[in-house]
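**Q** Please see the structure below; I have some questions.
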Amino acid sequence: MPKLGVNIDHVATVRQARKTVEPDPVWAAVLAELGGADQITVHLREDRRHIQDRDLEVLRRSIHVPLNLECAVVDEMLTIAEQTKPDQVCLVPERREEVTTEGGLDVVRHRQAVTVAVARLQAAGIAVSLFIDPNPQQIEVAVETGASIVELHTGAYAHAFRTADGDQRFQEIFSAAHVAQQLGLRVDAGHGLNYQNVGPIARIEPISELNIGHSIVSRAVLVGMERAVREMKALIH
Ligand code: PXP
């Protein structure tokens, strides 16, 4: 059974909508831990649209499960990682105009920069994961970069779920997970997973961890709404 990494970025998205102090992603991380999260994941984006540097520092000192930092392969982020020392860094592609991470990191194309980044982070005692599309060529080059973990991008699978392409997208992840395991990598997966589509992915034997964010934060907002309104109503009365 895979472990669950809970991505709390979108708690910070709500906070940044008002540039205030609530909701606090660190508080959300503690509650996620209470709920059974095996890992907390945050993406420190170059544009700081949700998670801020301070969140990362406070999280590092507050949580008791491993901290997984997603970041781009750029000097600024690698330096922050070396200083903050998350348990794991997941290297992701990043384009400023994107709504969310679109597609995996092209390690075939950026092999040299990725190899240097992996060595740098590992020298700081940080485990390195590469967020890649479920593609055998990407996996082979991922091994050559020295990374020990790949996170397979499940976005295309999630998008195609219950459509004509669904089976094909699932098969790509299924076979990529086995190829990666045979090459000695630990295999994680994530992006776009929700309460409907997670089951088949969770049953893929080599997958050891799932990173899930948007659907969990979305559900948390809705399951908490009734209580939040009752509490405000009580104060007004
Ligand atoms: N894994 C990686 C590498 C990601 O970049 C993201 C999004 O930040 C996720 C998992 C979580 O995706 P979602 O929010 O769609 O669950």
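The values are calculated or read from the model by the stated rules, or taken from the named source; none is laboratory data. Since this is a predicted model, take the numbers as computed values, not measurements. Neighbour counts are summed over all protein chains in view; Cβ atoms, including those assigned to glycine, are modelled from backbone coordinates with ideal geometry. For accessibility, only protein heavy atoms count, side chains too; no ligands or nucleic acids. Shrake-Rupley method; radii C 1.70, N 1.55, O 1.52, S 1.80 Å.
**Q** Name, by its number, the condition in (1) without any contact (Cβ under 8 Å) to a residue 12 or more places away in the chain; (2) outside any helix (DSSP H, G or I); (3) not polar (S, T, N, Q) that does not hold for L210.
**A** (1)
**Q** Taking the stretch 36-55, which residues are within 15 Å of V21 (Cβ to Cβ) and of a type in the set (A, V, I, L, M)?
**A** I51
**Q** For the stretch 174-197, which positions are open to solvent by 40 Å² or more (accessible area, probe 1.4 Å) and either within 15 Å of the ligand (Cβ to nearest atom) or within 22 Å of A29 (Cβ to Cβ) (or both)?
**A** R186, H191, G192, N194, Y195, Q196 - these are the residues of the stretch 174-197 that are open to solvent by 40 Å² or more (accessible area, probe 1.4 Å) and either within 15 Å of the ligand (Cβ to nearest atom) or within 22 Å of A29 (Cβ to Cβ) (or both).
**Q** Out of curiosity, is T13 at pLDDT 95 or above, open to solvent by 20 Å² or more (accessible area, probe 1.4 Å) and within 15 Å of the ligand (Cβ to nearest atom)?
**A** Considered against the rule, which asks whether it is at pLDDT 95 or above, open to solvent by 20 Å² or more (accessible area, probe 1.4 Å) and within 15 Å of the ligand (Cβ to nearest atom), T13 comes out as yes.
**Q** A further question on this structure: Starting from the stretch 118-132, keep only residues that are over 21 Å from V187 (Cβ atoms) and open to solvent by 40 Å² or more (accessible area, probe 1.4 Å), then list their pairs with residues that are more than 16 Å from the ligand (Cβ to nearest atom) and at pLDDT 95 or above whose Cβ atoms are within a distance under 7 Å, requiring at least 6 positions of separation or different chains.
**A** A119/G146; R120/L78; G125/K85
**Q** Could you grab me the full set of residues in the stretch 31-61 that are in contact with a helix residue (DSSP H, G or I) (Cβ under 7 Å, 6 or more places away or on another chain) and open to solvent by 60 Å² or more (accessible area, probe 1.4 Å)?
**A** R49, E57, R60
**Q** Would you confirm, using the coordinates I've provided, whether G224 is under 28 Å from H43 (Cα atoms) and away from the ligand (no atom under 12 Å from the Cβ)?
**A** So G224 passes the test.
**Q** Let me ask something else about it. Tell me, yes or no, whether the stretch 212-228 has at least one residue that is touching a Phe, Trp or Tyr at 6+ places or on another chain (Cβ under 9 Å), farther than 20 Å from G35 by Cβ and open to solvent by less than 60 Å² (accessible area, probe 1.4 Å).
**A** No: zero hits.
**Q** Has the stretch 163-173 got at least one residue that is touching a Cys at 6+ places or on another chain (Cβ under 8 Å), within 19 Å of R186 (Cβ to Cβ) and within 14 Å of the ligand (Cβ to nearest atom)?
**A** No, because not a single residue in the stretch 163-173 is touching a Cys at 6+ places or on another chain (Cβ under 8 Å), within 19 Å of R186 (Cβ to Cβ) and within 14 Å of the ligand (Cβ to nearest atom).
**Q** Could I ask something else about it? Kindly indicate whether E205 is open to solvent by 50 Å² or more (accessible area, probe 1.4 Å), outside any helix (DSSP H, G or I) and out of contact with any helix residue (DSSP H, G or I) (no Cβ under 6 Å at 6 or more places or on another chain).
**A** Taking the combined requirement at face value, the residue satisfies it.
**Q** What number of residues within the stretch 135-162 are more than 20 Å from E102 (Cα to Cα) and outside any helix (DSSP H, G or I)?
**A** Matching residues across the stretch 135-162 total 5.
**Q** Right, here's the next one. Could you identify the single residue in T100, T115, T163, T145 that is among the β-branched types (V, I, T), open to solvent by 40 Å² or more (accessible area, probe 1.4 Å) and more than 22 Å from I212 (Cα to Cα)?
**A** Testing whether each residue is among the β-branched types (V, I, T), open to solvent by 40 Å² or more (accessible area, probe 1.4 Å) and more than 22 Å from I212 (Cα to Cα) leaves just T115.
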